[in-house]
1. I want to confirm something. Restricting to the range B:12-27 and keeping residues that are open to solvent by less than 40 Å² (accessible area, probe 1.4 Å) and away from chain A (no Cβ under 14 Å), which single residue is nearest to the chain's Cα centre (by Cα)?
2. Tell me yes or no: at least one residue of the range B:38-45 is within 20 Å of A:Arg48 (Cα to Cα), in contact with a Ser or Thr (Cβ under 7 Å, 6 or more places away or on another chain), in a strand (DSSP E or B) and within 11 Å of another protein chain (Cβ to nearest Cβ).
3. Would you confirm, using the coordinates I've provided, whether A:Leu60 is closer than 29 Å to B:Ser109 by Cβ and open to solvent by less than 60 Å² (accessible area, probe 1.4 Å)?
4. Among the numbered conditions (1) surrounded by fewer than 14 Cβ atoms within 10 Å (Cβ to Cβ); (2) touching a Ser or Thr at 6+ places or on another chain (Cβ under 8 Å); (3) modelled with pLDDT of 95 or more, tell me where A:Glu1 comes up short.
5. Looking at the range A:89-115, which of its residues are small (Gly, Ala, Ser) and open to solvent by 10 Å² or more (accessible area, probe 1.4 Å)?
6. Go through the range A:47-115 and tell me which strands (runs of 3 or more DSSP E), entirely inside it, have 3 or more residues that are within 14 Å of another protein chain (Cβ to nearest Cβ) and closer than 24 Å to B:Cys89 by Cβ.
7. Could you list, in sequence order, all residues of the range B:57-80 that are over 12 Å from B:Asp18 (Cα atoms) and either in contact with a Lys or Arg (Cβ under 9 Å, 6 or more places away or on another chain) or in contact (Cβ under 8 Å) with a residue 24 or more places away in the chain (or both)?
8. Among the candidates B:Leu61, B:Leu108, B:Leu74, which residue alone is within 12 Å of the chain's Cα centre (by Cα), more than 18 Å from A:Tyr35 (Cα to Cα), open to solvent by less than 60 Å² (accessible area, probe 1.4 Å) and within 14 Å of another protein chain (Cβ to nearest Cβ)?
Amino acid sequence: EAGVVQSPRYKIIEKKQPVAFWCNPISGHNTLYWYLQNLGQGPELLIRYENEEAVDDSQLPKDRFSAERLKGVDSTLKIQPAELGDSAVYLCASSLHRGFAGELFFGEGSRLTVL
Amino acid sequence: GQQVMQIPQYQHVQEGEDFTTYCNSSTTLSNIQWYKQRPGGHPVFLIQLVKSGEVKKQKRLTFQFGEAKKNSSLHITATQTTDVGTYFCAGPLESSYDKVIFGPGTSLSVIP
C-alpha cells in the first residue's frame, strides 16, 4: 500500500515568489493534515481537513497561505508571496480516524528554502 | 496557552545504556501518541496510550501514561544505533479533542 505522497521534496525560491505543495493521502483516509516543521522543533498544525471540509485552520496565516482539498482526496498548500521566515519543512499527514483518535501517517515532507 | 514540553532536549548515550524522555502537558490530554523521526526523515508513529496509568511495551521500548493524564514517558532499554532520532509526544486537549499539540521532541544520539 502506498504511503502519503508529497511533492516537490525540495523547493528553493526567492522571497515574494509563490509556491505550492501537493499531497496525496493514503487511500481511504478522510482526515488530512498540513503541518509546518522548523528545524529542531515539533510539527505545528496549519490546517486539518475532514473530507473536503477544513475543520481547523486557526493556525493558518490566511494573508499568505491557502489550502484546498477538492473532492476530499488530494490537497494543495499554497504560499503567496513567500517570506524568508517561511523556510521550513511542510509535512502532510493522513489518518483513517477523525480527530486524533488514531495513527497519523506522514509523508516525506516538502522542504522549502526562501532566499 | 496549552503547552507540551519534553525533557531532555538532547541526550547522548553510549550504545547499551538506557534512555528515557519525559513529556509533560500543562493540561489534561485525552490520549497521547509517540512518534520517532530519524535524521532527514518524517515522523513515524510508535504507539498510542489512552488510559490513565497505562503502560505499553514494544520490545526494548516502554511507554507510560501518567495517572493524571498530563505526563508520559518513553524508556528505551539497552540503546542501539538504530534508536537514533528525535522522539515526539503528541496529544489532543481533553477539553478540545481535535486540538493536537506536538512536543518539541527529544533528540537521541547513540555513540557506538
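1. Initially, the range B:12-27 is screened for residues open to solvent by less than 40 Å² (accessible area, probe 1.4 Å), giving B:13, B:19-21, B:23, B:25.
Keeping just the survivors that are away from chain A (no Cβ under 14 Å) gives B:13, B:19-20.
Numbers: B:Val13: 17, B:Phe19: 11, B:Thr20: 9 Å.
Ranking the candidates gives B:Thr20 first.
2. Applying the first criterion (within 20 Å of A:Arg48 (Cα to Cα)) to the range B:38-45 yields B:42-45.
Next, from what is left, pick out any that are in contact with a Ser or Thr (Cβ under 7 Å, 6 or more places away or on another chain): none.
Scanning the range B:38-45, I find no residue that is within 20 Å of A:Arg48 (Cα to Cα), in contact with a Ser or Thr (Cβ under 7 Å, 6 or more places away or on another chain), in a strand (DSSP E or B) and within 11 Å of another protein chain (Cβ to nearest Cβ), so the answer is no.
3. Working: closer than 29 Å to B:Ser109 by Cβ: no; open to solvent by less than 60 Å² (accessible area, probe 1.4 Å): yes.
Considered against the rule, which asks whether it is closer than 29 Å to B:Ser109 by Cβ and open to solvent by less than 60 Å² (accessible area, probe 1.4 Å), A:Leu60 comes out as no.
4. Unmet for A:Glu1, out of (1) surrounded by fewer than 14 Cβ atoms within 10 Å (Cβ to Cβ); (2) touching a Ser or Thr at 6+ places or on another chain (Cβ under 8 Å); (3) modelled with pLDDT of 95 or more: (3).
5. Here is the first cut: in the range A:89-115, the residues small (Gly, Ala, Ser) are A:93-95, A:99, A:101-102, A:107, A:109-110.
The answer is A:Ala101, and nothing else.
6. Fully inside the range A:47-115 and qualifying: A:88-95.
7. Applying the first criterion (over 12 Å from B:Asp18 (Cα atoms)) to the range B:57-80 yields B:57-59, B:63-73.
Of everything in the range B:57-80, those that are over 12 Å from B:Asp18 (Cα atoms) and either in contact with a Lys or Arg (Cβ under 9 Å, 6 or more places away or on another chain) or in contact (Cβ under 8 Å) with a residue 24 or more places away in the chain (or both) turn out to be B:Phe63, B:Gln64, B:Phe65, B:Ala68, B:Lys69, B:Lys70, B:Asn71, B:Ser72, B:Ser73.
8. On the way: B:Leu61 fails: within 14 Å of another protein chain (Cβ to nearest Cβ); B:Leu74 fails: within 14 Å of another protein chain (Cβ to nearest Cβ).
Only one candidate qualifies: B:Leu108.
The values are calculated or read from the model by the stated rules, or taken from the named source; none is laboratory data. These numbers were taken from a predicted model, which means no experiment stands behind them. For neighbour counting, all protein chains shown are included, and Cβ atoms are generated from backbone atoms with ideal geometry for every residue, glycine included. The area values use the complete protein model at the heavy-atom level, side chains included, leaving out ligands, DNA and RNA. Shrake-Rupley method; radii C 1.70, N 1.55, O 1.52, S 1.80 Å.
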